[in-house]
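Accompanying notes for the structure given below.
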Amino acid sequence: MTDYTPPKVWTWNKPSGGQFASINRPISGPTHEKDLPVGRHPLQLYSQGTPNGVKVTIMLEELLALGHAGAEYDAWLIEISKGDQFGSGFVEVNPNSKIPALMDRSGPSPIRVFESGAILVYLAEKFRAFLPVEPAPRAECLSWLFWQVGSAPYLGGGFGHFFAYAPTKIEYAIDRFAMETKRQLDVLDRRLANNAFIAGNAYSIADMAIWPWYGQLVQGSLYGAAEFLSVQDYTNVRRWADAVGSRPAVRRGLMVNRTSGNPASQLRERHDAADFDTKTEDKMNSGS
């Protein structure tokens, strides 16, 4: 381990290194002028198929599966590795320059919503779905939703970054965040021992928020860390992850704005439900 003594005053005078070095900076605001496209549906989503982005596409597909025609949406790809999130149009929708961001144009004046948890609550209240209305179950659902909002940075920016993306493997950092990630998995495993879903016996936005992170982690599709974290030990989380992951709306949501994996699983932009049929045809024609 190399000893490091922090300077008295930190300055940004060298690249941070790693996979995302080109887009990391200590200032906010746009870096270039670029308007956002607008499609024909009331809901316009600007995102990428990362775990945070997948939360919202799952929600929208679940709403459509319930028959909420007003949940039809256009999903535009924002490639964060290319800095699309720093375009002037995107910054107007989300001044924090993070995906996902949503514009609701169904009313007399457009409404912007940013931060994935806020978008889930907004859509749940707009369509009165996947969020209980009675005080006790509503509080339980929101508590687990915000558990995810507060916990996932330790998994993503903490464990995921140092385990998978950091240019140098730092034992202390990996150990620290692996320990916390396993503690979080244990929290979920204990909760799911006596509950079908995260907030109880009903599928909700809590599941939609938590599954893209922890569900995919135990299924082996996040950071390639399933063996390292011994995810087989969390039997209740794995049962829940498989149940949620088998839902047709979840499978569709996982495809939207996806830029990695099998090309047949990527729907880089989504403008109509028929777009999934085209991907199915592509998959059949490719023999995969």
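Just one of (1) more than 26 Å from residue 145 (Cβ to Cβ); (2) part of a loop (DSSP other than H, G, I, E, B) trips up residue 22, so point out which.
Failed condition: (2).
When the residues of segment 47-77 are narrowed to those that are part of a strand (DSSP E or B) and touching a helix residue (DSSP H, G or I) at 6+ places or on another chain (Cβ under 6 Å), which ends up surrounded by the most Cβ atoms within 10 Å (Cβ to Cβ)? Steps first, answer last, please.
Quick first cut of segment 47-77, residues part of a strand (DSSP E or B) only: 47, 73-77.
Remaining after also requiring touching a helix residue (DSSP H, G or I) at 6+ places or on another chain (Cβ under 6 Å): 47, 73.
Numbers: 47: 27, 73: 25.
That would be 47.
Report, by residue number, each residue of segment 202-217 that is surrounded by fewer than 24 Cβ atoms within 10 Å (Cβ to Cβ) and within 15 Å of residue 131 (Cα to Cα).
202, 203
Looking at the structure I just gave you, is residue 146 part of a loop (DSSP other than H, G, I, E, B), at pLDDT 95 or above and out of contact with any strand residue (DSSP E or B) (no Cβ under 7 Å at 6 or more places or on another chain)? First the steps, then the outcome.
On the way: part of a loop (DSSP other than H, G, I, E, B): no; at pLDDT 95 or above: yes; out of contact with any strand residue (DSSP E or B) (no Cβ under 7 Å at 6 or more places or on another chain): yes.
No: the conditions fail for residue 146.
State the number of residues belonging to segment 86-103 that are part of a helix (DSSP H, G or I) and either among the β-branched types (Val, Ile, Thr) or under 15 Å from the mean Cα position of the chain (by Cα) (or both).
Taking segment 86-103 and keeping what is part of a helix (DSSP H, G or I), we get 86, 88-93.
Checking which are either among the β-branched types (Val, Ile, Thr) or under 15 Å from the mean Cα position of the chain (by Cα) (or both) leaves us with 91, 93.
Qualifying residue count, segment 86-103: 2.
Would you check which residues across segment 117-141 are part of a helix (DSSP H, G or I) and over 17 Å from the mean Cα position of the chain (by Cα) and list them? Break it down stepwise before answering.
Start the filter on segment 117-141 by keeping residues that are part of a helix (DSSP H, G or I), which leaves 117-127, 135-141.
Result: 125, 126, 127, 135, 136, 137, 138, 139, 140, 141.
Of the residues 155, 188, which single one is free of Cβ contacts under 8 Å to residues at least 60 places away in the same chain and either assigned to a helix (DSSP H, G or I) or loosely packed, with under 15 Cβ neighbours inside 10 Å (or both)? Talk me through it step by step, then tell me what you get.
Numbers: 155 fails: free of Cβ contacts under 8 Å to residues at least 60 places away in the same chain.
Answer to the selection: 188.
Among the residues of segment 178-205, count how many are on the phi > 0 side of the Ramachandran plot and within 19 Å of the chain's Cα centre (by Cα).
To start, the set of residues in segment 178-205 that are on the phi > 0 side of the Ramachandran plot comprises 200.
With the extra rule that they be within 19 Å of the chain's Cα centre (by Cα), the set shrinks to none.
Number of matching residues: 0.
Does segment 231-257 hold any residues that are surrounded by fewer than 22 Cβ atoms within 10 Å (Cβ to Cβ), in contact (Cβ under 8 Å) with a residue 24 or more places away in the chain and not in a helix (DSSP H, G or I), and which are they?
Within segment 231-257, 247 is the sole residue that qualifies.
Looking at segment 195-210, I want the residues that are under 20 Å from residue 50 (Cα atoms) and have a partner that is among the β-branched types (Val, Ile, Thr) and crowded, with 24+ Cβ neighbours inside 10 Å with Cβ atoms under 6 Å, at least 6 apart or on another chain. Which pairs are those?
206/198; 207/198; 208/58; 210/198
Does residue 222 qualify as being buried (at least 19 other Cβ atoms within 10 Å of the Cβ) and over 17 Å from residue 77 (Cβ atoms)? Outline the logic, then answer.
Working: buried (at least 19 other Cβ atoms within 10 Å of the Cβ): yes; over 17 Å from residue 77 (Cβ atoms): yes.
So residue 222 passes the test.
Can you find, within segment 25-70, the residue that is nearest to the chain's Cα centre (by Cα) among those that are modelled with pLDDT of 95 or more and charged (D, E, K, R)?
By that ranking, first place goes to 55.
Among the residues of segment 26-46, how many are part of a strand (DSSP E or B) and surrounded by fewer than 18 Cβ atoms within 10 Å (Cβ to Cβ)?
Total meeting the criteria: 1.
The values are calculated or read from the model by the stated rules, or taken from the named source; none is laboratory data. Since we're looking at a predicted model, the values are computed, not measured. Note that we place each Cβ from the backbone using ideal geometry, even for glycine, and neighbour counts take in every protein chain shown.
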